[in-house]
Amino acid sequence: MVKISRRAVLFAPLLASTPAVFRGIYPIVQTPFHADGRLDPETLAKETLFLLRCGVQGMAWPQLASEFWSLSIDERLQGADALLTTGRGRGAKLVIGVQADAVDISVRLAKHAATHGADALISLPPAGIGLAEFFARIASAAPGLPLFLQAVGKISVDEVIALSQAVPAVRFVKDEAGVTLPRISEFQEKAPRLGVFTGAHGRTLIDELLRGAAGSMPAAGPADLYAKAFLLWERGKQREAALAFARAAVFVPEFEQYGIEGLKYLLVLRGVFPNHVVRAPRNGDVGAVATRTKLDEAGKRALRLLWEGVGR
């Protein structure tokens with residue numbers, strides 16, 4: 001049974017009334033696997049429903065925290081079908097990741113997403129092809145869909161803005177390059193129409209929103225806590241939003257310690273996932289989802305205690 005906190009139930013009517021625009025909390029959907037390592041599309045659909053009940057404004061799959069690099073093309077198509085079929089028409093924006101080792105594969109993924117009801121596409125920077133050329137090809141494969149650049153590495157604010165000018169379909173950036181907070185301010189000064197989302201579990205969410213961020217793409221497990229914080233912020237209740245965010249923020253150090261295993265274990269605690277199987281090699285975890293410590297029994301007890309303390 002999926003466990004939604006009493007607070008989330010109380011806020012559900014308010015969350016559902018929030019217009020489904022490209023603002024808000026867009027969790028990165030974790031990828032469930034069976035015990036033998038096979039993709040579990042049924043649980044992916046269950047996770048989609050869970051996020052909708054959490055009141056999120058959108059969701060994205062598969063990105064770094066989704067272990068996208070471990071998925072075959074067929075698995076990505078199957079997973080996208082599960083998410084899009086389950087979530088389509090329910091008010092939340094559905095964003096499909098299309099980064100791949102070859103541009104032709106990205107184009108195939110983009111076409112599939114566009115014809116199966118995606119609301120937008122997102123991609124990490126490609127290898128072996130220029131940013132503008134890559135996103136122009138994706139835009140052609142999915143006409144009318146807005147695109148997100150997931151900015152990582154050394155991509156400057158000016159480079160992101162230049163891309164959005166060269167390919168108008170690039171309307172949003174999930175910014176994880178450089179130092180987040182001053183970059184949000186720089187985007188607001190130079191390109192205020194470019195929607196800026198953040199990652200890294202939204203660890204400085206309140207500061208990010210103060211600077212004009214459109215939203216955040218945190219982990220799926222505490223999505224209702226983030227969604228409540230964002231809703232309160234949008235309604236001008238900044239102090240209440242800060243308190244709501246503080247409940248979600250207690251998980252950030254644990255997630256940073258245990259990586260994707262930790263992200264998935266909270267979904268186990270909440271009755272969404274049957275296990276916390278991670279397929280990708282541990283050295284494949286990157287950035288804010290990097291594994292520093294194996295999730296042992298003490299770590300599980302800590303996550304369980306934190307959830308019992310702030311999530312009910």
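Just so you know, all these numbers are worked out from the coordinates, no wet-lab data involved. All of these numbers come straight from a predicted model, not from anything done at the bench. Quick reminder, even Gly has a Cβ in these numbers, built from the backbone with ideal geometry, and neighbours come from all protein chains shown.
Residue order for TYR265, TYR26, TYR258, fewest other beta carbons within 10 angstrom first, comes to TYR265, TYR258, TYR26. Decide, for segment 6-310, between rounded, prolate and oblate: order the square roots of the alpha carbon gyration tensor eigenvalues as a ≥ b ≥ c, take rounded if a/c falls under 1.5, and otherwise choose prolate if a/b is larger than b/c, else oblate. Rounded. Between ALA60, ALA248, ALA100, where does the largest GNM mean-square fluctuation fall for the chain, given springs only between Cα atoms within less than 10 Å? Comparing ALA60, ALA248, ALA100 in a Gaussian network model of the chain, the most mobile one is ALA100.
The ranking of HIS276, HIS116, HIS34 by Cβ neighbour count inside 10 Å, starting from the fewest, reads HIS34, HIS116, HIS276.
Within the straight-line cut-off of under 19 Å between alpha carbons, the lysines reachable from LYS111 are LYS93, sequence neighbours fewer than 8 places apart in one chain being disregarded. Among ILE122, ILE25, a tally of other beta-carbon atoms within 10 Å of each Cβ gives an order, fewest to most, of ILE122, ILE25. Residue-wise HN-Hα couplings along segment 98-105, as the Karplus relation 6.51 cos²θ - 1.76 cosθ + 1.60 with θ = phi - 60° gives them from phi, are 10, 5, 7, 6, 10, 4, 4, 5 Hz; Gly and Pro carry x.
Spin-label model, SER185/LYS237: points 7 Å from Cα along the beta carbon direction are separated by 3.0 nm.
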